[in-house]
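Single-structure report; data block below.
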Number of protein chains: 2
Amino acid sequence: MDKVRLIDIKKTILSDNYDLAAEIRQELRQNGVFMLNIMASPGAGKTSLIIETLRRMKEKYHFAVIEGDIESQVDAEKVAKEGVSAVQLRTGGSCHLDAPMIKEALKKIDLSATDVILIENIGNLVCPADFDLGQTRKAMVLSVPEGDDKALKYPLMFSVSDLLVVSKTDYLEYSDFNYEALKERSEKLNPQLKIIKTSAKTGEGLEDFCLWLQEEIEAARN
Amino acid sequence: MDKVRLIDIKKTILSDNYDLAAEIRQELRQNGVFMLNIMASPGAGKTSLIIETLRRMKEKYHFAVIEGDIESQVDAEKVAKEGVSAVQLRTGGSCHLDAPMIKEALKKIDLSATDVILIENIGNLVCPADFDLGQTRKAMVLSVPEGDDKALKYPLMFSVSDLLVVSKTDYLEYSDFNYEALKERSEKLNPQLKIIKTSAKTGEGLEDFCLWLQEEIEAARN
């Protein structure tokens, strides 16, 4: 009984969210802004990926970062240290970002002077997959220590993402992580999924990620 | 507007859940059964902790395991291989277990012939913290690769847990994880929190965890 009620509620929330997300997407398109929704488990390396990207690309493009956190603003502070403007969304308990929150955050960003917005979603491999934020693309980060079986257990996240960043590849040599198994499981769920292997520690793959991002930014401009 | 509605819905759900959890707790007490709710991010090592515990303790106590997963039943199959009965709860999208699901699972477990039930919650450091399952104790697992800052970002999970298992300590030497910083942050949120460091790979701390569990099982019997 409880389960059925939960599902009805979820449908209504998702439908309201969807309308607002469409509005946001339209606004971004009019301004030629590319927005990336970055999702992952806690500690998978979302913030490191963002910081490393800013260091490599902030001279070339105008960035803004939206940081979602349940509590704290340590990540927004890290972004600000790079000289890039960050909007902190403190959800105070909510386990995902939604379109109304992004709408609020966008009020603090001058879209006409922005090329690209990176959203760091709440650390959660489940709920954020359900919520359209009006982003241009969705990326998920999966770190090697989390294991190669995650596509079996959290299939929705793999299905809705455009890009899978496999992070912390420097741990590969100490781990029984099977990259080929992950790749096969992911592509079975989502044949269009692009995969990039990275390590913020060794620098592996960060250029590949930046190249992917650059192509997307340029495509959004036209 | 949307946010306020969400919160009201959450309150109603949590209040219904709370009543049922109290019922479950009462039933366990009458049967002298200890039930542990194990929560963690995806890939933190919940299943490994359960399997290693079963191997060390299944001859001494009658175990049952409730496996929560959004999809798949790979974990329940691993438990069954150890000769211990497992109930698989497939939530089909829900990001946490709740008391109604546990009530259903308990129908398949003979409480009069059981000493201890281990619940593996959905891999999620956020939502499961909100839901009382009627458990005797709550344990959270945090793996070294997730980082020492998680108490700042996911404070509720640290606040509601009785035990923090720091897993994958074999990664400590390759990582900048600061155990003392984690300890300080965790104890600030929850001075009663007990912390045990473990590695399923090297075996570190598994005996400590089993000792803790044994004391809890014995206390529940009386």
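The values are calculated or read from the model by the stated rules, or taken from the named source; none is laboratory data. Everything numeric here is computed off the predicted structure, so don't read it as measured data. FYI the Cβ positions are ideal-geometry reconstructions off the backbone, even for glycines, and counts take in every protein chain you see.
Residue by residue through the range A:139-195, note down the ones that are of a type in the set (Gly, Ala, Ser) and within 12 Å of another protein chain (Cβ to nearest Cβ). If the condition is that a residue be of a type in the set (Gly, Ala, Ser) and within 12 Å of another protein chain (Cβ to nearest Cβ), then A:SER143, A:GLY147, A:ALA151, A:SER159, A:SER167, A:SER175 are the ones that fit.
Please work out if B:ILE117 is of a type in the set (Val, Ile, Thr) and under 21 Å from A:ILE70 (Cβ atoms). In short, no. Out of A:LYS197, A:LYS153, A:LYS168, I need the residue that is without any contact (Cβ under 8 Å) to a residue 12 or more places away in the chain and crowded, with 17+ Cβ neighbours inside 10 Å. Which one? Every option except A:LYS153 fails the conditions. The C-beta contact set for the range B:120-139 (first residue farther than 15 Å from A:LYS150 by Cα, second residue aromatic (Phe, Trp, Tyr) and part of a loop (DSSP other than H, G, I, E, B), distance under 8 angstrom, 6+ apart or interchain) comprises B:LEU125/B:TYR154; B:VAL126/B:TYR154; B:ALA129/B:TYR154.
Taking the criterion of being farther than 12 Å from B:GLU120 by Cβ and within 14 Å of another protein chain (Cβ to nearest Cβ), the residues of the range B:34-88 that qualify are B:SER41, B:GLY43, B:ILE70, B:GLU71, B:SER72, B:GLU77.
For the range A:174-187, the criterion of a residue being closer than 23 Å to A:HIS96 by Cα and at pLDDT 95 or above is satisfied by at least one position. Within the range A:41-59, the presence of at least one residue that is under 20 Å from A:PHE209 (Cα atoms) and without any contact (Cβ under 8 Å) to a residue 12 or more places away in the chain is confirmed. Pull up the range B:100-122, narrow it to residues that are within 14 Å of another protein chain (Cβ to nearest Cβ) and among the aliphatic types (A, V, I, L, M), then point me to the one that is surrounded by the fewest Cβ atoms within 10 Å (Cβ to Cβ). Result: B:ALA105. All of A:GLN30, A:GLN26 fail the test of being over 22 Å from A:ASP130 (Cα atoms), surrounded by fewer than 17 Cβ atoms within 10 Å (Cβ to Cβ) and either polar (S, T, N, Q) or at pLDDT below 95 (or both), apart from A:GLN30. Scanning the range A:188-207 for residues that are under 11 Å from A:VAL166 (Cα atoms) and in contact with a Phe, Trp or Tyr (Cβ under 8 Å, 6 or more places away or on another chain) gives A:LYS194, A:ILE196, A:LYS197, A:THR198.
When the range A:123-140 is filtered for residues that are surrounded by fewer than 24 Cβ atoms within 10 Å (Cβ to Cβ) and in contact with a Ser or Thr (Cβ under 7 Å, 6 or more places away or on another chain), only A:LYS138 remains.
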